[in-house]
Amino acid sequence: MTMPSPSADLEFDDNGPLYAARKKVYPQSVRGTFRSIKWSLMVFCLGVYYLLPFVRWHRGVGAPSQAVLIDFPNRRFYFFFIELWPQEVYYFTGLLIIAAMALFLMNAIGGRIWCGYLCPQTIWTDLFYAAERWVEGDRRERMKKDAAGLTPRRIGEIGLKWFIWLMIAWWTGGAWVLYFSDAPTLVKELATLQAPLLAYIWIGILTATTFIFAGFMREQVCTYMCPWPRIQGAMLDEDSLVVSYRDDRGEPRGPLKKLTPEGKPFGDCIDCKQCVVACPMGIDIRDGQQLECIGCALCIDACDDVMARIGKPKRLIGYDTMGNRERRLQGQPLRVRLLRPRTLLYFAVLLVVGGIMTFAF
């Protein structure tokens with residue numbers, strides 16, 4: 001397995017740029033196990049984010065009845081039956097430690113699980129892609145329309161797409177401010193233009209950032225703005241499960257029913273490039289682990305579909321460890337070690353911090 005390379009378009013010599021101009025990515029829609037998991041998690045996460053402010057929780061006379069509320073005027077944080085005051089900041093410190101350790105644990109076990117399935121940038125970008133495909137069609141249709149230039153119909157499609165994106169972004173910003181005031185009351189005030197000016201300002205800021213990041217910057221946010229890709233690379237080990245291409249099985253690439261010049265069969269990879277066109281980051285997973293790969297596993301679904309059609313075993317691309325690749329080459333038994341010093345340490349920190357917080361609470 002080759003070492004991570006930041007990008008084929010980046011040069012790190014004295015004369016080359018450190019930033020590559022964006023090339024538009026046209027990911028192909030896919031179906032399969034991991035795509036279904038991503039749809040399910042998207043629905044769940046968006047449902048929680050958009051609807052949670054409207055959940056009620058009775059706390060008695062004079063207390064707010066919103067289940068989750070950040071009450072700045074009264075300096076309170078409410079989370080169902082929990083009420084935190086400013087002097088109890090150590091609970092927030094503990095929550096930050098737990099969040100960090102959970103992220104480290106996910107990374108050590110399965111690579112960039114957070115990035116591929118749960119990151120807000122990934123979720124909203126997926127949602128924007130769904131709207132884009134609904135209006136403009138799938139990969140080939142979008143590429144043909146962009147190449148054909150602007151026509152009245154094309155301008156109408158772009159306008160409709162941007163309108164849908166803007167509505168998603170607007171409700172994203174609107175839902176955020178609902179966590180800081182009684183949601184039904186604030187919705188009424190927003191609709192009648194009686195809400196505080198600060199609410200409109202923050203809705204505008206979050207609407208703009210969601211619209212730009214999920215609609216136009218997409219993979220650029222993950223590659224250049226987010227620090228996690230650079231951190232997680234140092235936290236992987238040979239037993240971490242990551243999305244990988246099994247080059248020992250797939251190489252050499254070539255036609256299904258032909259032989260190499262040496263008269264030997266080609267590997268299972270027929271070089272159809274379906275894994276490439278399915279990637280929302282526009283990379284080729286067959287080049288090895290790369291900084292840009294967010295571990296969304298859509299290339300697995302795309303490849304599995306091709307393998308099923310040509311009668312080959314699935315998981316030519318799949319979750320694998322660097323250690324197992326070496327073991328296959330040496331003819332040794334494969335193994336998956338979820339429990340190892342690194343993961344046990346992260347889990348122990350989670351238990352200790354969680355236990356201290358529970359005891360203190």
- Odd one out for residue 266 among (1) at pLDDT below 90; (2) under 18 Å from the mean Cα position of the chain (by Cα); (3) among the aromatic types (Phe, Trp, Tyr): (2)
- Checked region 224-243 for anything open to solvent by less than 30 Å² (accessible area, probe 1.4 Å), under 17 Å from the mean Cα position of the chain (by Cα) and farther than 21 Å from residue 26 by Cβ; matches are 228, 229, 232, 242
- Message: Can you tell me which residue is most open to solvent (accessible area, probe 1.4 Å) among those in region 147-175 that are over 21 Å from residue 210 (Cβ atoms) and basic (Lys, Arg)?
- Response: 153
- What is the residue count in region 83-117 for residues that are polar (S, T, N, Q), open to solvent by 20 Å² or more (accessible area, probe 1.4 Å) and more than 14 Å from residue 352 (Cα to Cα)? 1
- Of the residues that make up region 245-252, is at least one closer than 27 Å to residue 42 by Cα and in a loop (DSSP other than H, G, I, E, B)? no
- Message: I'd like to check which strands (runs of 3 or more DSSP E) are fully inside region 53-134 and have at least 3 residues that are in contact with a helix residue (DSSP H, G or I) (Cβ under 8 Å, 6 or more places away or on another chain) and not acidic (Asp, Glu).
- Response: 68-71
- Message: Quick check on region 201-222. Is at least one of its residues touching a residue at least 60 places away in the same chain (Cβ under 8 Å) and basic (Lys, Arg)?
- Response: yes
- Considering only region 108-137, how many residues are among the aliphatic types (A, V, I, L, M) and in contact with a Lys or Arg (Cβ under 6 Å, 6 or more places away or on another chain)? 2
- Task: Considering each of 178, 198, 206 in turn, give the residue that is open to solvent by 70 Å² or more (accessible area, probe 1.4 Å) and either more than 30 Å from residue 67 (Cβ to Cβ) or assigned to a helix (DSSP H, G or I) (or both).
- Result: 198
- Item | Yes/no for residue 185 being over 30 Å from the mean Cα position of the chain (by Cα) and surrounded by fewer than 18 Cβ atoms within 10 Å (Cβ to Cβ) | yes
- Residue in region 211-223 that is surrounded by fewer than 19 Cβ atoms within 10 Å (Cβ to Cβ) and more than 21 Å from the chain's Cα centre (by Cα) present: no
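The values are calculated or read from the model by the stated rules, or taken from the named source; none is laboratory data. Predicted, not measured: the structure shown is a model, and the values here were computed from it. Heads up, the Cβs are rebuilt from the backbone with ideal geometry, glycines too, and the neighbour counts pull from every protein chain shown. Just the protein is used for accessible areas: all its heavy atoms, side chains included, with ligands, DNA and RNA removed. Shrake-Rupley method; radii C 1.70, N 1.55, O 1.52, S 1.80 Å.
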